[in-house]
Amino acid sequence: SPALALHGIGLRIGAATILDGVDLTVDTGSMVGIIGPNGAGKTTLFNVVSGLARPTTGSVELDGRDITGLSVQRRARAGLGRTFQTSTVFAGLSALENVRMAAQVPRGHSLSLLRFPGPGDPATTVAYERLDEVGLAERAHVRAGDLSHGDKRKLEIAVLLAVEPSVVLLDEPMAGVGSGDVAGLVDVIRRMHRDRGCTVVMVEHHLDVLLGLVDKVAVLHFGSVIAYDSPVNVMENPTVQQAYLGASA
Ligand code: ADP
Ligand code: MG
Ligand code: MG
């Protein structure tokens, strides 16, 4: 079964149709990009998949299991991880402390029971490993709020990896990242996919970066997937050019 399968996801808020029958299948081990104009429903779709929003219609399958009714926490335990469009680090904690909190989750502690483990704790070891994976080992004791924006985004990925997800949703990971930090962040995402075997679904407006990374691209427009194909085919698709690429040119 695919890593992720969305079947007819609809979401209405009042009179507004935010998502309008989204079907999407993501193969295990693949990397998929989601593009579309601002307001198309990309973040809302991630909210539905991660359990922050309930769809009006449709269902979500993770590794062949229907997770539509599960809480955010249960989805996380089932292997689903996500990052957010805006930064979510705990600014007052060190980089290490940020990752260490997350590192306790797969070890059976619920989020409400998090404690602060000491230097010899297994969560501390895992936290250092994850920081090393994203190239932040030397900044482990820096206050997260004092990191550059690019390093904050890397820290968010280290936090994500600490929960040992099999499927990750990245919402605009490059947003606001300075040009000098883009290559490093791309490398972190590539390694998360290649070395950790994560299935990656990524919303990203930097098309030059996205198209070089992903196997397939889904184009969301007014809450519907209007194309889902290889990067080359999507870019050459006249409907996509008219709906999205032309509009942004
Ligand atoms: P994208 O991430 O593609 O830019 P969003 O998913 O953030 O788009 O938003 C899609 C549409 O849904 C927008 O028109 C937005 O204003 C609307 N929307 C999102 N969340 C809510 C909400 N909680 N209540 C009302 N409208 C919402
Ligand atoms: Mg937006
Ligand atoms: Mg968004």
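What follows is calculated from the coordinates using simple rules that are stated; it is not laboratory data. Keep in mind that what you see is a predicted model, and the values were worked out from it rather than measured. Methodologically, a virtual Cβ is constructed for each residue, glycine included, from the backbone with ideal geometry; neighbour enumeration extends over all protein chains shown.
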Legend entry - Using θ = phi - 60° and Karplus 6.51 cos²θ - 1.76 cosθ + 1.60, couplings along segment 145-150 (whole Hz; Gly, Pro as x): x, 8, 6, 5, 4, x
Legend entry - Exposure proxy order (Cβ contacts within 10 Å, fewest to most) of THR88, THR25, THR199, THR43: THR88, THR25, THR43, THR199
Legend entry - segment 235-240 - phi-based ³J(HN,Hα) in whole Hz, Karplus 6.51/-1.76/1.60, Gly and Pro as x: 5, 8, 6, x, 4, 5
Inset, instruction - Among SER230, SER94, rank each residue by its count of other Cβ atoms within 10 Å, from fewest to most, as a rough exposure measure. - result: SER230, SER94
Legend entry - Helix-derived mean residue ellipticity, 222 nm - over the chain, DSSP H n ≥ 4, -39500 (n - 2.57), to 500: -9500 deg cm²/dmol
Inset, instruction - For LEU4, enumerate residues with amide H under 5 Å from its amide H, sequence gap 5+ or separate chain, H modeled in the peptide plane. - result: VAL26, ASP63
Legend entry - Under 5 Å, built H, 5+ apart or other chain: amide partners of VAL142: ALA95, LEU96
Inset, instruction - Express in nm, to one decimal, how much length is gained between VAL232 and THR88 on full extension, taking 0.36 nm for each residue of separation and deducting their alpha carbon distance. - result: 48.5 nm
Inset, instruction - Could you tell me which chymotrypsin sites (Phe, Trp or Tyr not before Pro) in segment 23-94 are loop residues by DSSP with no more than 15 other beta carbons within 10 angstrom of their beta carbon? - result: PHE90
Inset, instruction - Could you list which residues have their amide H under 5 Å from that of GLY10, counting only those 5 or more apart in sequence or on another chain, with H placed in the peptide plane? - result: GLY21, VAL22, THR56, THR57, GLY58
